[in-house]
Amino acid sequence: MTRISRTYNDTMQREGVSAVSADVIFASSRFPNYKIGANNQIVEAVDDPKVLSMRQVVACEAAQLLEQQKRLSVRDLTNKFEKGLAAAAKLSEEARLREAASMEKHVLLKKLRDALEALRGRVAERNKDDVEEAIAMVEALAVQLTQREGELIQEKAEVKKLANFLKQASEDAKKLVNQERAFARAEIENAREAVQRVEEALQEHERTSRAAGKQDLEELMKEVQEARRIKMLHQPSKVMDMEHELQALRRQLAEKSKYSILLQKELAISKKAMGDSSNFYEIDGAELLGSYLHIQPSCDTAPDVSKCSIQWYRIAPEGGKKELISGATKSVYAPEPFDVGKILQADVNLDDHRITLTTTGPIDPAAGLGIYVEALVRKHDVEFNVVLTQLNGVNHPSESIHALHVGKMRIKLCKGKNTIAKEFYSSSMQLCGVRGGGNAAAQALFWQATKDLSVVLAFETERDRNAAIMLARRFAFDCNIVLAGPNDRAPSPN
């Protein structure tokens, strides 16, 4: 009887195990945790219940997406689909890694079975049953691993299907986002156009309301004036008495003013005669706006004024600054609004002898002209009846009535429906009283609309002429334009 020692048995086991383990590469550092159940069936150990399987994770994500699809916006839905697509790709990668690990398990089980088969023929009788039991366990484990691989393949197919579904859904969501964005842009453009149309309609309504309101105001003023006139007709006594008293006071004031001016002139003439007996000329006329001044001989031996050269100046009473009046070279000069408050001086040159004549004091303003102009300023456009006497320096034969419109932005001269000149206020425009021209100079106005167009207009009264000059200069100053005559340096209008 052969005796087998313990050392021999251990040596054979070590040799068998080393022969098997030399060619095997284990995926993990420990053998899989398997248990033998009923009927020698291999049962895989139960994992941690907190760790979900891949199928459960995919099903949970899909359920959450379907639940949130109805209440999410288009952009959020797109983000969710993209996240789901990334999760599906991650799960696919995990499935691939599990498949590789499964292949490694197959190789390991095959090598383990081969090692057990080789060991069965080399062990004793009493150890052979253990080896056969191990071989049966390995075969059962291989069968279960094959089933597990089938399930993994099925899960992989489902994951690919879900990934394709999520990819298609993501593309559909992107298309829907683009469509919604285009629709939103179109709606925004339509809304902008509608807002613009509403603004234009409101502006047009506002302009119409202003024009209607202005027209109603003018009609109301006319009605009020008519009512006052009717009231004065029915109750004329008190109003007429007051008007008569005012007219009488005005006449007395005008007479006293003329008498005072005559006294001042006589005093100035007597002083000049006492100081210098060589003055042959004197300035005659009322020294106020709306009149005209005339140089006339003061003695019988004085030469004819037409043979002398004359130049008019305006002098500031405070500093004595002397300013030449361009074009004022005639013996007659009609003061204009610029001359109010200034002293006028005329230099009369006779051969080599110069005679200087000055007014007795500053030019006085016309009575009531300032109040009249302030009333006209409130109007948008003021119309004056004029006669065109000169056009571009040439006398105009027609004496028909023209209309001069002085507006807040421009001046227009027309005859009926025909417009002769219509220009906005500019630095090239000139406007002043006519400098010379006889007794009618106080009612005449010079207007240079452009460099190629100039006119001389005659007004009905001196008051209208001075009011038109003051009004035009006031409106031009509001447009940052200084409106004056040729080579004039105009002060700011009051």
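The values are calculated or read from the model by the stated rules, or taken from the named source; none is laboratory data. The structure presented is a predicted model; accordingly, all values stated were derived computationally and were not measured. All Cβ positions, even for glycine, are placed from backbone atoms using ideal geometry, and neighbour counts span all protein chains on display. The area values use the complete protein model at the heavy-atom level, side chains included, leaving out ligands, DNA and RNA. Shrake-Rupley method; radii C 1.70, N 1.55, O 1.52, S 1.80 Å.
Could you order peptides 326-332, 467-473 by the average number of other Cβ atoms within 10 Å of their residues, highest first?
Most protected by this proxy first, the peptides run 467-473, 326-332.
Quickly work out the Ala211-to-His396 label distance, labels modelled 7 Å from Cα along the C-beta direction, and quote it in nm with one decimal.
2.9
Can you sort Ile315, Ile371 by solvent-accessible area, 1.4 Å probe, largest first?
Ile371, Ile315
Kindly sort Asp304, Asp351 by accessible area of their heavy atoms, largest first, with the probe set to 1.4 Å.
Working: Asp304 85, Asp351 145 Å².
Final ranking, largest accessible area leading: Asp351, Asp304.
Please report, as a whole percent, how much of the solvent-accessible surface of segment 369-479 comes from carbon and sulfur atoms (probe radius 1.4 Å).
Values: 2780 of 5440 Å².
Within segment 369-479, the accessible surface is 51 percent carbon and sulfur.
Across all directions of projection, what mean area in square nanometres is found for the Cα convex hull of segment 285-363?
Over every viewing direction, the Cα hull of segment 285-363 projects on average to 5.4 nm².
Going down the table (Lys321/Lys422; Lys330/Lys451; Lys90/Lys174; Lys222/Lys415; Lys379/Lys415), which pairs top 28 Å between alpha carbons?
Table pairs above 28 Å Cα-Cα are Lys321/Lys422.
As a test of reading the structure, rank His205, His294 by solvent-accessible area (1.4 Å probe, protein chains only), most first.
Working: His205 120, His294 65 Å².
So, going from the largest accessible area down, we get His205, His294.
Rounded if a/c is under 1.5, else prolate if a/b beats b/c, else oblate: with a ≥ b ≥ c from the C-alpha gyration tensor eigenvalues square-rooted, which is segment 353-463? The partial results should precede the final answer.
Working: a/c = 1.76, a/b = 1.27, b/c = 1.38.
Oblate, because a/c is 1.5 or more while a/b does not exceed b/c.
Suppose the chain between Ala375 and Gln264 were pulled fully straight at 0.36 nm per residue; how much longer would it get relative to their current alpha carbon spacing?
Stretched fully, the Ala375-Gln264 segment lengthens by 36.6 nm.
Enumerate the residues in segment 400-441 having an amide nitrogen under 12 Å from the point lying 7 Å beyond the Cα of Cys479 toward its Cβ.
406-412, 422-430
Using a 1.4 Å probe and ignoring any ligands, DNA or RNA, find the accessible area of Ser398 and quote it in Å² to the nearest 10.
So the heavy atoms of Ser398 present about 40 Å² to solvent.
Only Lys, Arg, Asp and Glu count, each charged at its Cβ (+1, +1, -1, -1), so figure out the dipole size of segment 285-363 about its Cα centre, rounded to 20 debye.
Values: 7 positive and 10 negative charges, 35 e Å.
In total the dipole reaches around 160 debye.
Please find the FRET efficiency linking Asn385 to Ala191, where r is the Cβ-Cβ separation and R0 is fixed at 45 Å, and quote it to the nearest 0.05. Mind showing how you got there, number by number?
Values: r = 54 Å, r/R0 = 1.20.
Plugging the Cβ-Cβ distance into 1/(1 + (r/R0)^6) gives 0.25.
What percent does the relative contact order of segment 285-363 come to when contacts are Cα pairs within less than 8 Å and at least six residues apart?
Taking the mean separation of contacting Cα pairs over the length of segment 285-363, I get 33 percent.
Holding the Cα-Cα limit at 32 Å, pick out from Lys231/Lys258; Lys128/Lys156; Lys342/Lys408 the pairs that are longer than that. Numbers along the way, then the final one.
Values: Lys231/Lys258 37 Å; Lys128/Lys156 41 Å; Lys342/Lys408 28 Å.
From the list (Lys231/Lys258; Lys128/Lys156; Lys342/Lys408), the Cα-Cα distance tops 32 Å for Lys231/Lys258; Lys128/Lys156.
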